[in-house]
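First comes the structure, then the notes that go with it.
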């Protein structure tokens, strides 16, 4: 495993982190048993993964609960945990500032820890990102002073939102929607480096499309059923173009993750894992580096052929 700088006063984080969405009882994907969830976390630790991303709404609190039990007995000083605020453990949304502390306390209780390394606002509406118009950031700063968090930030999807957060707050963490088919966030990477903001890459495989296992005939009966037939046809065509550009076929998923890791601003990438085989393949991505020439070609592909499509996530 390789490790990168994340935030001040936290250990370097593994390039591959574990997204704990799938650990929950009702994740919207394949249902994972308690035993499978424990095995997933323990195998991640065996691989050298020390970064764990979770949230109160993952499995209505069961994602954090299972992660906490699985990490019990590990050296807390070597583990980095990121959780969120805004999507509640009851399945509702509450972005009000007076709910931050209550949400965090619930997360700490479920995770069985005294602090989390970072607490981020979970995909908030843009107006919550303006530091001088919201008292959220005063509360978050107090939580740092109290030792309950080391840093704060937000989970965001666009350059505009990332820029707004970094320019108006003391945020030091952004969980960014970034992959070969969604590269807008990369425009904020230089600013993140300048301001020493750690970047967590979410959805690096574009909800499975960049794993290479879907095509124009694919159908979905889970959360991905949101895509129309036209969406599926468009993505299938774009994935074929990526294969042409990269000559990747059997290892498209590893190439897609390696693409994200090729950017200096990126601290860690959190691909989804529904079984141990996927976890193993994702970890092996650290050995698959993408040449600067291919990176440039993929950036050109995005700007010329993808950006104007405004693909639904």
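The values are calculated or read from the model by the stated rules, or taken from the named source; none is laboratory data. Bear in mind that the values here come from a model prediction, so they are computed numbers and not experimental data. No Cβ is skipped: glycine too gets one built from the backbone with ideal geometry, and neighbour counts run over all protein chains shown.
Quick rundown of the values:
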{"read-out": "Residue check, residue 122 more than 20 Å from the chain's Cα centre (by Cα), within 19 Å of residue 174 (Cβ to Cβ) and at pLDDT 95 or above", "value": "no"}
{"read-out": "Any hit, the range 126-149, residues being touching a helix residue (DSSP H, G or I) at 6+ places or on another chain (Cβ under 7 Å), part of a loop (DSSP other than H, G, I, E, B) and under 22 Å from residue 11 (Cα atoms)", "value": "yes"}
{"read-out": "Any chance residue 149 is free of Cβ contacts under 8 Å to residues at least 40 places away in the same chain and either buried (at least 17 other Cβ atoms within 10 Å of the Cβ) or farther than 27 Å from residue 79 by Cα (or both)", "value": "no"}
{"read-out": "Subset of the range 262-285 [in contact with a helix residue (DSSP H, G or I) (Cβ under 7 Å, 6 or more places away or on another chain), surrounded by 14 or more Cβ atoms within 10 Å (Cβ to Cβ) and closer than 22 Å to residue 193 by Cα]", "value": "262, 263, 265, 266, 269"}
{"read-out": "Failed criterion for residue 291 (all others in (1) in contact with a helix residue (DSSP H, G or I) (Cβ under 6 Å, 6 or more places away or on another chain); (2) farther than 23 Å from residue 46 by Cα; (3) at pLDDT below 95 hold)", "value": "(1)"}
{"read-out": "Criterion violated by residue 303 - all others in (1) surrounded by 14 or more Cβ atoms within 10 Å (Cβ to Cβ); (2) in a helix (DSSP H, G or I); (3) out of contact with any strand residue (DSSP E or B) (no Cβ under 7 Å at 6 or more places or on another chain) satisfied", "value": "(1)"}
{"read-out": "Meets criteria (modelled with pLDDT of 95 or more and touching a helix residue (DSSP H, G or I) at 6+ places or on another chain (Cβ under 6 Å)) for residue 104", "value": "no"}
